[in-house]
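A.B. asks: Right, I'll just put the structure down here and ask away after.
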């Protein structure tokens, strides 16, 4: 099942980010193959990777080797570790693995998936890439998942965003309230102003608000998909997902033709939590999948915060219970701009509220003692409509201006 040099040049080399062109071909193909053969919840390939290369493991699968043949390739401590970790004898573990994997062992189908990426059959003009574990482009945060990390990420868009030093995950309910939608949009605007990459799951509700806000502000955003890139979901968000590919990145850990499924959504959440330096849960019901993302982030030692809501709101009860579940580990987000404090050292000092950016300074200088309309700010400051929206939104969140009817008024601070 190994690739010839010509096949590697045709099917894999065009999908490699420039920084990863020196990857060993057999290893790359084996990692791609296991993303095709296994479910995201399958720990065995990563668990065995400490003692066995992915290409050697793939050869054993192709040969339908028995447990005795596998054992012959492993040191004694590996056999003990496998049984201790996975709870059964090697014969049972390996037999079950072959039963899961071999029905998917189809070289042509795997090459078809790679060809789909190479040809750009998605209809999207952005780069189609494969980012492999251990490569320069692979997100460092995913290594914290240990045996739960994916061997390869299938990407459409700007794969370089995976290497961003600072990323913020923002998640929440699919049935977002007006309040939740507003807060999520404000958080996304703060992140955009600070040059922080936002990360979410591309779903309806809070996810969509975050991605849409980032796209509108021409800021980088990453959407992790629960299915393959050939089955973008939900279909109602298709235009938004295409916009994300243009300005940011769509990512999946499974091959393009894999359909979304409930268990894949839950597994996808761990990638959101691990990729980001901090996670904010905006609104969540008692059983919301967003809480799964938050719990994973806590377990990884990431900074986590929730947005407070009405005490009688079904959309906020999950956030409040989550806060009580992890006292000291989960914070309360008092204001949207506090996400910069949550991210801590990852955000440059120049981007925090110590000083104003050029847009905010120009907009603020247009204010006198009376309220003025946004169009007047735009005219006086010499800004575009979008620049004016960004500047006024930032100034409002920092408490330097406030809305008054249809206009804005400067807030006089103590001593100012």
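A.B. asks: What does DSSP give for the chain in terms of the percent of beta bridges that are antiparallel, rounded to the nearest 5?
C.D. replies: In the chain, approximately 40 percent of DSSP beta bridges are antiparallel ones.
A.B. asks: Now for a separate question. Return the FRET efficiency for the residue pair residue 51, residue 387: r is the Cβ-Cβ distance, R0 is 35 Å, and the value is rounded to the nearest 0.05. Working shown, then result.
C.D. replies: On the way: r = 56 Å, r/R0 = 1.59.
Between residue 51 and residue 387 the formula returns 0.05.
A.B. asks: At 7 Å along Cα-to-Cβ for each site, give me the label-to-label distance between residue 332 and residue 257 in nm.
C.D. replies: 5.3
A.B. asks: Based on the mean of other beta carbon atoms within 10 Å per residue, what is the order of 324-333, 107-116, most packed first?
C.D. replies: 107-116, 324-333
A.B. asks: Could you work out how far the C-alpha centroid of region 64-139 sits from that of region 145-212, in angstrom?
C.D. replies: Going from one Cα centre to the other spans 28 Å.
A.B. asks: How high is the FRET efficiency between residue 18 and residue 380 when r is their beta carbon distance and R₀ equals 45 Å, given to the nearest 0.05?
C.D. replies: 0.50
A.B. asks: If you take the square roots of the eigenvalues of the alpha-carbon gyration tensor of region 355-410 and sort them as a ≥ b ≥ c, do you get rounded (a/c under 1.5), prolate (a/b over b/c) or oblate?
C.D. replies: Here region 355-410 falls in the rounded category.
A.B. asks: Starting from 0 in steps of 10 Å, tell me what percent of the Cα-Cα pairs of region 140-349 lands in each bin.
C.D. replies: 9, 40, 39, 11, 0
A.B. asks: Here is a further query. Between residue 361 and residue 72, what is the label-to-label distance in nm when each label sits 7 Å out along the Cα-to-Cβ direction?
C.D. replies: Taking the simple label geometry, residue 361 and residue 72 are separated by 7.3 nm.
A.B. asks: Another question, then. Which one, [x] 19.0; [y] 20.1; [z] 22.7, gives mean projected area of the Cα convex hull in nm² as derived from the coordinates shown?
C.D. replies: [z]
A.B. asks: Ok, one more. Given points 7 Å out from each Cα along the Cα-Cβ axis, report the residue 204 to residue 118 separation in nanometres with one decimal.
C.D. replies: The answer from the label model is 3.9 nm.
All of the numbers you see were taken from the coordinates with simple rules; none came from a lab. Predicted, not measured: the structure shown is a model, and the values here were computed from it. Quick reminder, even Gly has a Cβ in these numbers, built from the backbone with ideal geometry, and neighbours come from all protein chains shown.
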